[in-house]
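Visitor: Structure incoming, see below.
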Amino acid sequence: MQFERQTHGGEYRQRALQNELVSLMGVVSPASMVDLLLERAFEIGATDIHFDPREDGLHIRLRVDGMLHDILQLTPDLVSHVISRLKLMAGMDITEKRLAQDGHISKESFQNHRDIRVGSGPTIHGERLVLRLVPDGTRYTRLEDLGFDENQINSVKKFVSAPYGMMLSVGPVGSGKSTTVYSCMELLNQPGRSLVTIEDPVERRMKGVNQIQIDTRVNSGFVEALRGVLRQDPDVIMVGEIRDPETAQIGTRAGLTGIRVLSTMHAHDCAATIDVFRDFKIPPMFIADSLNCIIAQRLLRKTCESSRETYVPDEITCRMLGVDPERASEHRLTRGIPADSNFYTGYYGRTGVFEVMPVDARIREGILHGRSSRELTELAAEAGMTTLEQAARRKVLAGQTTLEEMHRVMTLNAGY
């Protein structure tokens, strides 16, 4: 998952892209239209392309900085040509329209651009396709580039270099967990170590790392792959996601036997991760002894650098940000100005906000004694942990994002 959008070459934005595609409709073939759309999507840093069938034709939307934007509407007579073109490129069965399919478009098709994962499925108006533009494996490999503060970076590096144990990155879908784990793997990627990843699918290719893509069609899921890897003398194992009790059980045991285990999990915050392990029926002793660090995270859109304004916060805003209203004039907040350069959102790029909880002696004791997630959070905060909300407020006060964006992301995930 990309944290900050970067362009390659031309600066194609929403209106320019729409005008370009509309001008070519009826002039070039559907195949050429598809090729151009994919090329432009890479250039503007889109992460997904949605082809949604409706009564009036095919609606094409791009996901940029986590938000979907309408780009083009194709007339009904072009729909089958475009869908067939994409399915052929992805190696999918163009005659099968009733069942969901998965496909893949290799980067060789687009002059060394990134790979594309394709998923299809039926709707009442026809077949729908969603394309995931796989992140560029050559970027966002340094923890310093992701949005951690200095203390958090030092803490993460300390536990990444621990001789054994489990480190987790947690949060909702699309919060950048995989990027964080890959960045940690890059720190560990040295010739003297045996590194293995188990993923569904492999998102980024890493030199010197043995990467395994699971295949449930031949009964090779996370559990089976993890069991096999543990017999192959690994130093570091990265499991794409812990999503069931058996994977959690094997992963925690591996972390106790001299292996470094990195993985992701769906949990609201650091302390809530412990509740997930408890729901998986993992014994408290295994949780306390195998976990050494948990990272919770979210992604916030950044205020557009080229189209923004600053303002002094009012009293209500100050109280929301924990600032003394009497000192409001000392602060300059930012807000973006909608423009074609930022897809008329006022935002451009994203940054991460993080909560890093070391599983130290106090947290271990709390886990063993069945403390609630709220109590564990309080223990960690007393030891100096910056919470997600605190990290987000700091980004607002630093002018990197807006109060509205902070509320959107934090409120959206409040009940996660």
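Visitor: Take the conditions surrounded by fewer than 16 Cβ atoms within 10 Å (Cβ to Cβ) and modelled with pLDDT under 95 and apply them to G9. Does it pass? Give the steps one after another, and end with the answer.
Guide: Values: surrounded by fewer than 16 Cβ atoms within 10 Å (Cβ to Cβ): yes; modelled with pLDDT under 95: yes.
When the stated conditions are applied, G9 passes them.
Visitor: Mind listing whichever residues of region 359-383 are touching a residue at least 40 places away in the same chain (Cβ under 8 Å) and within 26 Å of the chain's Cα centre (by Cα)?
Guide: Result: V359, S373, R374, L376, T377, A380.
Visitor: Further question: Tally the residues that are outside any strand (DSSP E or B) and of a type in the set (S, T, Y), restricting the search to region 307-326.
Guide: Pass one, region 307-326, residues outside any strand (DSSP E or B): 307, 312-326.
From what is left, the residues that are of a type in the set (S, T, Y) are 307, 317.
Looking only at that region, the number is 2.
Visitor: Applying the selection to region 216-263, what residues are touching a Gly at 6+ places or on another chain (Cβ under 9 Å), without any contact (Cβ under 8 Å) to a residue 40 or more places away in the chain and buried (at least 20 other Cβ atoms within 10 Å of the Cβ)?
Guide: F222, L226, T247
Visitor: Okay, next question. Kindly indicate which of V156, V134, V181 is at pLDDT 95 or above, surrounded by 14 or more Cβ atoms within 10 Å (Cβ to Cβ) and touching a helix residue (DSSP H, G or I) at 6+ places or on another chain (Cβ under 9 Å). Steps first, answer last, please.
Guide: On the way: V134 fails: at pLDDT 95 or above; V181 fails: touching a helix residue (DSSP H, G or I) at 6+ places or on another chain (Cβ under 9 Å).
The match here is V156.
Visitor: If you don't mind, another one. Taking S120 as the residue in question, decide whether it is modelled with pLDDT of 95 or more, farther than 13 Å from V34 by Cα and in the same structural domain as V34 (by TED's automatic domain parsing).
Guide: Numbers: modelled with pLDDT of 95 or more: yes; farther than 13 Å from V34 by Cα: yes; in the same structural domain as V34 (by TED's automatic domain parsing): yes.
When the stated conditions are applied, S120 passes them.
Visitor: Name the residue that is surrounded by the most Cβ atoms within 10 Å (Cβ to Cβ), counting only residues in region 54-74 that are more than 30 Å from L299 (Cα to Cα) and without any contact (Cβ under 8 Å) to a residue 24 or more places away in the chain.
Guide: Looking at residues that are more than 30 Å from L299 (Cα to Cα) and without any contact (Cβ under 8 Å) to a residue 24 or more places away in the chain, I get G57.
Visitor: Keeping to region 72-107, report how many residues are touching a strand residue (DSSP E or B) at 6+ places or on another chain (Cβ under 7 Å), of a type outside the set (A, V, I, L, M) and closer than 19 Å to L21 by Cα.
Guide: Total satisfying the criteria: 3.
Visitor: Can I ask one more? Taking T310 as the residue in question, decide whether it is among the β-branched types (V, I, T), in the same structural domain as P163 (by TED's automatic domain parsing) and touching an Asp or Glu at 6+ places or on another chain (Cβ under 7 Å).
Guide: On the way: among the β-branched types (V, I, T): yes; in the same structural domain as P163 (by TED's automatic domain parsing): yes; touching an Asp or Glu at 6+ places or on another chain (Cβ under 7 Å): no.
In short, no.
Visitor: Next question. Name the residue, out of S341, S329, that is out of contact with any helix residue (DSSP H, G or I) (no Cβ under 7 Å at 6 or more places or on another chain), surrounded by 14 or more Cβ atoms within 10 Å (Cβ to Cβ), assigned to a helix (DSSP H, G or I) and of a type in the set (S, T, N, Q).
Guide: Working: S329 fails: surrounded by 14 or more Cβ atoms within 10 Å (Cβ to Cβ).
None of the other options fit; the residue is S341.
The values are calculated or read from the model by the stated rules, or taken from the named source; none is laboratory data. Here the structure is a predicted model, which means the values were calculated and not measured. Positions of Cβ are generated from backbone atoms using ideal geometry, with glycine treated the same way; all protein chains shown enter the neighbour counts.
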